[in-house]
Amino acid sequence: CKEFSLCRHYMPEAVVSTQSTGDNIMAAVHLTQSEVLVQRAWLVHWGLFVYFNHPQGRDKLIDDFLHQKTYLNAIQTMCPHVLRYITTAVVISKRRRDGIKELIKVLQQESYKDPITEFVESLYVNFDFDEAQSKLKECTTVIENDFFIVGCLDDFTENARLIISEIFCRIHQRIEIDMLADKLNMAPAEAEKWVVNMIRQAHLDAKIDSKNGYVVMGGTSVPIYQKLIDKTKDLHLKANSCCQKVDKKLALGI
């Protein structure tokens, strides 16, 4: 509509205004800590429409709401449902790798769940592709009925399929194209074209055996010290998650 087009025209100014308002909240010495949290929570909600309708808004949302501890603290304390929008932004962002590790860490600390956050956890934490496939279908319904992200449905679906196929290919040496097509809810011929593009984009060492209907992955050995570092990071993440749960129970007097 005309009014919506006019709103989009002023999005660059709206982004600057949103960020300057955040600076003003930070500089407001007359506010108590609880009042600052409330003001930031309101600003986060107002900013959702701005960030999801600006060309670079999704990356700005990740930078502001996920990587800035002041906003992340307000979200975790006052409005954890905003994790839906942060997760959506990470999934559809071209800079996904910059935010996914931090996002997983936050999601594992929080009790808030919805199909979008569960989709990401099913892939990056549980490596459960059947659950991911089921959650992706639920994500479609959620996004279609969410005012802020309804315009992101196609981007989300496209990138979600890319994530599924990329992770699936990285942890298997030989994959049946028919099985991968089933995971992606696609026809086999369409899935084969999809995998070819995915291999190019993700720079995977793989080739397509069209005659036998397989994707064959090349041998990419990970150095032992890198495996040790990754396992150590996982232990640290789990320890932090346990500490968070204990702290919440102690705060509730359980």
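All of the numbers you see were taken from the coordinates with simple rules; none came from a lab. Values in this document were obtained by computation on a predicted structure and should not be read as measured data. Backbone-built Cβ (ideal geometry, glycine too); neighbour counts: all protein chains shown.
Computed quantities for the displayed model
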| read-out | value |
| --- | --- |
| Within-13-Å neighbourhood charge of L184 [Cβ basis; K, R +1; D, E -1] | -4 |
| Subset of K135/K211; K137/K183; K101/K207; K105/K183; K183/K207 violating a 21 Å alpha-carbon distance limit | K135/K211; K101/K207; K105/K183 |
| Contour minus Cα-Cα distance for A187 and V150 (0.36 nm per residue) | 10.8 nm |
| Loop trypsin sites (Lys or Arg not before Pro), the range 74-121 (other Cβ atoms within 10 Å of the site Cβ: 11 or fewer; DSSP) | K94 |
| The range 93-168, Rg to Rh (Cα coordinates; Rh as Kirkwood inverse mean 1/r) | 0.93 |
